[in-house]
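J.: Just passing along the structure, written as structure tokens.
The values are calculated or read from the model by the stated rules, or taken from the named source; none is laboratory data. Treat the numbers as computed from the prediction; the structure is a model and nothing was measured. Note that each Cβ is placed from the backbone with ideal geometry, even for glycine, and that neighbours are counted across all protein chains shown.
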Amino acid sequence: MILIVGGGPAGCLSATLLGKENDVLLVEEHQSPGFPVQCAGLISDCCFESYRKYCKIHKALENKIKGAFFFSPSGDYFCARGEAYVIERKILDKLLMERASEFADVVIKSKVKFEGSSPVVGDKRISADFIIGADGVNSEVAKAFGFKRPEIMTAIQIEAKFEAIDENFVEIYLGRAYSDFFAYAIPLGNTARLGVIAKGNALAYLQNLLKRHPSVSKRFRGSIVELNSGIIPSDLVEFVKQRVALVGDSAGMVKPHTGGGLYYLLFAVEKMAEKFPKLDAFKREFMKGLGREISLGKRIRRVYSLEDRELDKLVKAMKEFDFSGVHMDRPSTFLSPAVLVRAIKMLLKEPSLFRIASKLF
Ligand SMILES: Cc1cc2nc3c(=O)[nH]c(=O)nc-3n(C[C@H](O)[C@H](O)[C@H](O)COP(=O)(O)OP(=O)(O)OC[C@H]3O[C@@H](n4cnc5c(N)ncnc54)[C@H](O)[C@@H]3O)c2cc1C
């Protein structure tokens, strides 16, 4: 029997795929999957299509995105085009849970605890041949089996009235006053999800963004309808030990440059199901598919620690950059010959950017 701990997307997808050929028990501590909401719901077009294989994800669709505006600390911005979707996590998680229950035994409102390395549900010890820890960043499975834990960041997000520059474009805010990572607005008609992801005090950064950002403060209209916060892992950690595997946030499977986890966890679960019960082969396949993306994502993340004046300069230069061929889930697309040539041309035109580029690579 395979015990899956956690009924978020990673757990439900694991139950769906492993449950087709194995005896699976999925245990989720909350009554409703996806609650409390801890997600902005932004996923790429490819990610949306991949989820379509497992649920009617269009039911969770809230907005179609055509690209992003990246803001410098002084309020200037450039546009990067690319298709993405905004989805409602409560609905997605419910759809995935419904699907999982077709293939696995699902127990809700029960927390899995561990006595040593033995899982206990309620007051019953469970005997499992394999344990999948899909129990998020504070994973009990990881603690019980001595997995190294990832570094973490805090995310705080509100939904409020907001006048987006364009309702189909996400906005990303850079600059030390607004986060040591980044801040964002995901438009939803006349409201938006406004949030900050940070290693430091995310709430203080968010207050600064809303009150003092040269562009956001003029377009924020108040009337907060929802407030939520959560933890985002910032690094992939070891995720396989003998008969135990971690998937999703429990393993730090998020894009290092955005903290988004929905794409990586789906990729991980598909590889795990493909290779099961060979968990070492799963690990190899995951690293083969995403290892390079993760290390490039970490380099892109260095942008967030640039000085404000460097960010101002970078944003100004990027205004003319043609982003075609670049994909938000795959940083390696920046290194395709066509994109590299464009980047080199930009650097030659503006040699002062060399110093900034050298900090990133
Ligand atoms: C504010 C915020 C915004 C985000 N925005 C995006 C975004 O726009 N796009 C994106 O791709 N990602 C985003 N993310 C990240 C994304 O939400 C996560 O990567 C994703 O939820 C990870 O899924 P998971 O199944 O691994 O873990 P979770 O969604 O955390 O699910 C873990 C589940 O395990 C259950 N559980 C925990 N412990 C136990 C236990 N002992 N027994 C039983 N059940 C247990 C929990 O109740 C929970 O349901 C965001 C995160 C935050 C915090």
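J.: Tell me, yes or no, whether the stretch 334-354 has at least one residue that is within 24 Å of residue 198 (Cβ to Cβ), surrounded by 18 or more Cβ atoms within 10 Å (Cβ to Cβ) and not assigned by TED's automatic domain parsing to the domain that holds residue 245.
T.: There is no residue in the stretch 334-354 that is within 24 Å of residue 198 (Cβ to Cβ), surrounded by 18 or more Cβ atoms within 10 Å (Cβ to Cβ) and not assigned by TED's automatic domain parsing to the domain that holds residue 245.
J.: Out of 283, 278, I need the residue that is free of Cβ contacts under 8 Å to residues at least 24 places away in the same chain and not hydrophobic (A, V, I, L, M, F, W, C). Which one?
T.: None of the other options fit; the residue is 278.
J.: Moving to a separate point now. Of the conditions (1) among the β-branched types (Val, Ile, Thr); (2) closer than 26 Å to residue 44 by Cα; (3) more than 23 Å from the chain's Cα centre (by Cα), residue 231 fails just one. Which one is it?
T.: Looking at each condition in turn, residue 231 falls short on (3).
J.: Given (1) surrounded by 14 or more Cβ atoms within 10 Å (Cβ to Cβ); (2) under 30 Å from residue 278 (Cβ atoms), identify the lone condition not met by residue 198.
T.: Every listed condition holds for residue 198 apart from (2).
J.: Still on this structure, please answer the following. Here is a list of conditions, (1) more than 14 Å from the chain's Cα centre (by Cα); (2) buried (at least 17 other Cβ atoms within 10 Å of the Cβ); (3) not aliphatic (A, V, I, L, M), and residue 20 meets all of them except one; can you say which number that is?
T.: (2)
J.: Can you find a residue that is surrounded by fewer than 22 Cβ atoms within 10 Å (Cβ to Cβ) and more than 30 Å from residue 310 (Cβ to Cβ) anywhere in the stretch 63-74?
T.: Yes, the stretch 63-74 contains at least one residue that is surrounded by fewer than 22 Cβ atoms within 10 Å (Cβ to Cβ) and more than 30 Å from residue 310 (Cβ to Cβ).
One line per residue, one yes/no per condition, for (1) in contact with a Cys (Cβ under 8 Å, 6 or more places away or on another chain); (2) within 13 Å of the ligand (Cβ to nearest atom); (3) within 24 Å of residue 265 (Cα to Cα):
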| site | (1), (2), (3) |
| --- | --- |
| 120 | no, yes, no |
| 132 | no, yes, yes |
| 154 | no, yes, yes |
| 158 | no, yes, no |
| 161 | no, no, no |
| 167 | no, no, no |
| 172 | no, yes, yes |
| 191 | no, no, no |
| 198 | no, yes, yes |
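J.: List the residue pairs whose Cβ atoms are under 7 Å apart, where the first residue sits in the stretch 191-207 and is farther than 22 Å from residue 218 by Cβ and touching a residue at least 12 places away in the same chain (Cβ under 8 Å), the second is in a loop (DSSP other than H, G, I, E, B) and within 11 Å of the ligand (Cβ to nearest atom), and the two are 6 or more positions apart or on different chains.
T.: What qualifies is 197/259.
J.: Residues 203, 246, 209, 227: which one is within 11 Å of the ligand (Cβ to nearest atom), over 19 Å from residue 294 (Cα atoms) and not small (Gly, Ala, Ser)?
T.: Answer to the check: 227.
J.: State whether one or more residues within the stretch 87-104 are touching a residue at least 40 places away in the same chain (Cβ under 8 Å), over 19 Å from the mean Cα position of the chain (by Cα), surrounded by fewer than 21 Cβ atoms within 10 Å (Cβ to Cβ) and not in a helix (DSSP H, G or I).
T.: Within the stretch 87-104 (the criterion being touching a residue at least 40 places away in the same chain (Cβ under 8 Å), over 19 Å from the mean Cα position of the chain (by Cα), surrounded by fewer than 21 Cβ atoms within 10 Å (Cβ to Cβ) and not in a helix (DSSP H, G or I)), the answer is no, since none of the residues qualifies.
J.: Could you list, in sequence order, the residues of the stretch 1-31 that are within 6 Å of the ligand (Cβ to nearest atom) and in a loop (DSSP other than H, G, I, E, B)?
T.: 6, 7, 8, 28, 29, 30 - these are the residues of the stretch 1-31 that are within 6 Å of the ligand (Cβ to nearest atom) and in a loop (DSSP other than H, G, I, E, B).
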